[in-house]
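*Asks:* Before I ask anything, here is the structure I am working with.
Please treat every number below as a calculation from the coordinates, not as lab data. Bear in mind the structure is a predicted one, so any value in this text is a computation, not a measurement. Don't worry about glycine lacking a Cβ; one is built from the backbone with ideal geometry, like all the others, and counts go over all protein chains shown.
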């Protein structure tokens, strides 16, 4: 049988020539969203400096890390999940559960060095449970983590629906501890922990097999499986990590406010997702960087700072601006990925 | 090939799916340094056999030996570790990752747990150089063509120190030069002692590159041969298990009805129809009872031309006349209203809905044209569907079976049935016989001939020249996204004549 696609055509040459023809230069589109966010951040900061007095004080930037430490830690965990193409709605509720449980256990005179690992482990276990349900029963991450959200929130409210103060010495000492960076510029330990978590996540994503498997699964999970990658293990690990980060966020919250409250962190899952998206992490998975998430958190934080400086604007305006930005960034991602194809 | 011991020996392989015995005591041997073609019609059990080897399915009976040792292949990873690598028809890589990563992911060179990117890129470049490829290994895979992606998949496969390399329909989306390059790579691998299992629907390719072949039919082993001891005709007969009389018969039939259609009325006329970047403006008239064949290389604009006639893409110049009246073809619904049907080339992505049953798939277009508020009574549905299952010989003849469980050829027939029940006046079929077996091909060709006898106008798009020649009254030849020649299919027109036009672009 003669097939036309088979018959040699004299015009096309051999191997090396063919390769040259295929070698088309394309700019690396995966950096565009993150550069756009960086640009936005610089513009916002410059606007702030130009319009408000004392905006150029270094403590404005340093305080961004302090005020958004919890969000940053949670968003780091969320970044892993979104990179695999999933989503974790339970993190806000896990924060609530962690803060109220920490406060309650400390009030019952549990040793702080037992409470700390215990609540972190609980967060990781909740995440692992959700990951297992998602993997073994092929449940949509949205549904599985929504169930997790209700469970954790309900458990938190059952423990205590009122705010519980923390009087433990260790918690208070960490809470009161100040790190002097420069003359008049101080920060808290929770900011350092948040920054360390970003650094650790960046290293894991860029340099470990686990990190690369996360990208592979987000790119094409079926292919990843056929390439012999541990898809199930990686997926469960990602949700475990997210649960752990949420619990760590809860601990940072309880340190910062020296109290626990079952409604703490309500809705923070959505802030974390927004930060990831603004930072250029593709919701369909497989593309994005934890550095982008960091920038995303800083952008949302800076919006709040500017509104504070303005003074006469309602805090609700920060939500409106974040909403507008989200739209803009999702549309931009769509345009960039379409061009890449 | 000398008498060495086989690297892979499968004996008495049995695989049962609910209601179907997919493999029934199949034996298969593969020697080091050979290219071995696995032959059979769609549904013969080729894919199932391959999937038992790659660990996608577990066997229900029989034994697999690799290098003389019995093995149990429990999953894709286990298969790779045992030295069996597979490159699938659809490239199964992650296009968001770099070329180097796609080759090495899961086996990245590491020191103290940290991936050594520099070393990885260097090794990737070396490996690709062995395949005559010079790529930017840090570029994302998505920036390369499908053919290059496939080569990258092969590079990945051979780096696993594969003893057995399975190439499942690797050539179906490649052009001529790319196929030649793939064959060079295959020969090189063969020389280095790799055993290659090769599956392709193109018989010429099988004969060009393979040493031996094994034929399956209906889940059973038919025979194993050296390629040089079997002619193509004998091979096809063994695959379909009947004489080629069916095909010959069709030849006569088509020959005779080529004469007619002289005074038939035009059904559709395209005047200066074109779309920038897709197809240059063209004129084309299709008459009642006429089969117009579209010939041209892959990427010459065959599909693009057809899509404009169905309104699947919007033309930016020209007009379309149906029965001499101009119509505004803004979307496929307009085309359907004028009883134009389009059976897509890409049956998986654009046509067949795998989870719906045969009946639901067939009834879909008719129901859509009636509007969803007027459901077709179930009894009527069963009647229609039974009729077409019989007429097209869809197998298994079970209207309630999900379509995804059917073989490619039968899925194509279901798709055809879907459009036929809407009683179109013009049927556009894009590559109806691609990736399906010889027997089903003959049936679909016969069907097209019968339909045009019954007065239906058909636009037949196919990569196989002989098929176009056999069926068409008129042939339109495309080259570089331009309709370069239109010729009546008279006795002196043959494949060489058309190839010349395609190669030179000459217009007469």
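*Asks:* Quickly rank B:321-329, A:102-110 as a protection proxy: mean count of other C-beta atoms within 10 Å, highest first.
*Replies:* A:102-110, B:321-329
*Asks:* Could you list the square roots of 5 times each eigenvalue of the Cα gyration tensor of the stretch A:44-174, that is, the equivalent ellipsoid semi-axes, sorted largest first and rounded to whole Å?
*Replies:* 31, 25, 12
*Asks:* What does the highest-first list of B:22-34, A:247-259 look like by mean Cβ count within 10 Å?
*Replies:* A:247-259, B:22-34
*Asks:* Averaged over B:91-100, how many beta carbons belonging to a partner chain fall within 10 Å of each residue's beta carbon?
*Replies:* 6
*Asks:* Reported to two decimal places, what Rg/Rh ratio describes the stretch B:346-423 when computed on Cα atoms with Rh from the Kirkwood expression?
*Replies:* Values: Rg = 11.4 Å, Rh = 12.2 Å.
So for the stretch B:346-423, dividing Rg by the Kirkwood Rh gives 0.93.
*Asks:* What FRET efficiency would be calculated for the residue pair residue B:218, residue B:183, taking the C-beta separation as r and a Förster radius of 22 Å, to the nearest 0.05? Walk me through the numbers on the way to the answer.
*Replies:* Values: r = 30 Å, r/R0 = 1.38.
After rounding, the FRET efficiency stands at 0.15.
*Asks:* Provide a whole-number value for the mean count of partner chain Cβ atoms within 10 Å of the Cβ atoms in peptide A:210-222.
*Replies:* 4
*Asks:* How far is it, in nm, from the label point at residue B:368 to the one at residue A:196 when both lie 7 Å from their Cα along the line to the Cβ?
*Replies:* Using points 7 Å along Cα→Cβ, the separation is 5.9 nm.
*Asks:* Right, something else. Mind giving me the FRET efficiency for residue A:315 and residue B:145? R0 is 41 Å, r the Cβ-Cβ distance, nearest 0.05 is fine.
*Replies:* The formula returns an efficiency of 0.20 here.
*Asks:* Could I ask something else about it? Okay, helix-only estimate at 222 nm for the protein assembly as shown: each DSSP H run of n ≥ 4 adds -39500 (n - 2.57), divide by all residues, round to 500 deg cm²/dmol; what do you get?
*Replies:* On the way: 32 runs with 425 residues, N = 849.
The per-residue figure over the protein assembly as shown is -16000 deg cm²/dmol.
*Asks:* Measure nothing fancy, just the Cα-based angle from helix B:438-453's long axis to the longest principal axis of chain B, in degrees from 0 to 90, nearest 10.
*Replies:* Orientation of helix B:438-453: about 10 degrees from the principal axis.
*Asks:* First check a/c for the stretch B:8-245, with a ≥ b ≥ c the square roots of the eigenvalues of its C-alpha gyration tensor; if it is under 1.5, answer rounded, and if not, answer prolate when a/b is larger than b/c or oblate otherwise.
*Replies:* Prolate shape, in that a/c is at least 1.5 and a/b is the bigger ratio.
*Asks:* How many Cβ atoms of partner chains, on average, are near each residue of B:454-467 if near means within 10 Å of its Cβ?
*Replies:* The mean count of partner-chain Cβ atoms within 10 Å per residue comes to 2.
*Asks:* Calculate the spin-label point distance for residue B:72 paired with residue B:379, positioning each point 7 Å from the Cα along the beta-carbon direction, and give it in nanometres.
*Replies:* It is 5.5 nm.
*Asks:* Oh, and also: Please label the shape of the stretch A:184-341 as rounded, prolate or oblate, based on the square roots a ≥ b ≥ c of the eigenvalues of the alpha-carbon gyration tensor (a/c under 1.5 means rounded; beyond that, a/b larger than b/c means prolate, else oblate).
*Replies:* oblate
*Asks:* Round to the nearest 10 and give me the degree value, 0 to 90, for the angle of helix B:378-392's Cα axis relative to the longest principal axis of chain B.
*Replies:* Once rounded, the angle reads 70 degrees.
*Asks:* Full extension from residue B:65 to residue B:264: what is 0.36 nm times the residue separation minus their Cα-Cα distance, to one decimal in nm? Walk me through the numbers before you get to the answer.
*Replies:* Numbers: separation 199, 0.36 × 199 = 71.64 nm, distance 6.34 nm.
Computed gain between residue B:65 and residue B:264 is 65.3 nm.
*Asks:* Further question: Assign one of three labels to the protein assembly as shown, namely rounded, prolate or oblate, based on the Cα gyration tensor with a ≥ b ≥ c the square roots of its eigenvalues; rounded applies when a/c is under 1.5, prolate when it is not and a/b is larger than b/c, and oblate otherwise.
*Replies:* Here the protein assembly as shown falls in the prolate category.
*Asks:* What are the extents of the Cα atoms of chain B along their three principal axes, in Å, largest first?
*Replies:* If we take the Cα atoms of chain B, the spans are 73, 51, 48 Å.
*Asks:* Also: Could you tell me the relative contact order of the stretch B:346-423? Use alpha-carbon pairs under 8 Å, at least six residues apart, and round to a whole percent.
*Replies:* On the way: 83 pairs, mean separation 37.7, N = 78.
In percent, rounded to a whole number, it is 48.
*Asks:* At a 10 angstrom cut-off on C-beta neighbours, averaged per residue, how do the peptides B:481-490, B:211-220, A:304-313 rank from highest to lowest?
*Replies:* Numbers: B:481-490: 17.5, B:211-220: 19.6, A:304-313: 14.2.
The densest-packed peptide leads the list: B:211-220, B:481-490, A:304-313.
*Asks:* Roughly speaking, what is the stretch gain from residue A:172 to residue A:39, that is 0.36 nm per residue apart minus the C-alpha to C-alpha distance, in nm to one decimal?
*Replies:* Full extension of this stretch gives 44.0 nm more.
*Asks:* Under the Kirkwood approximation applied to all pairs of distinct alpha-carbon atoms, what is the hydrodynamic radius of the stretch A:31-340 in Å?
*Replies:* Details: mean 1/r = 0.0503 Å⁻¹.
Final number for the Kirkwood radius of the stretch A:31-340 is 19.9 Å.
*Asks:* Working from Cα positions, state the angle (0 to 90°, nearest 10) between the long axis of helix B:495-504 and the longest principal axis of chain B.
*Replies:* Helix B:495-504 sits at roughly 80 degrees to that axis.
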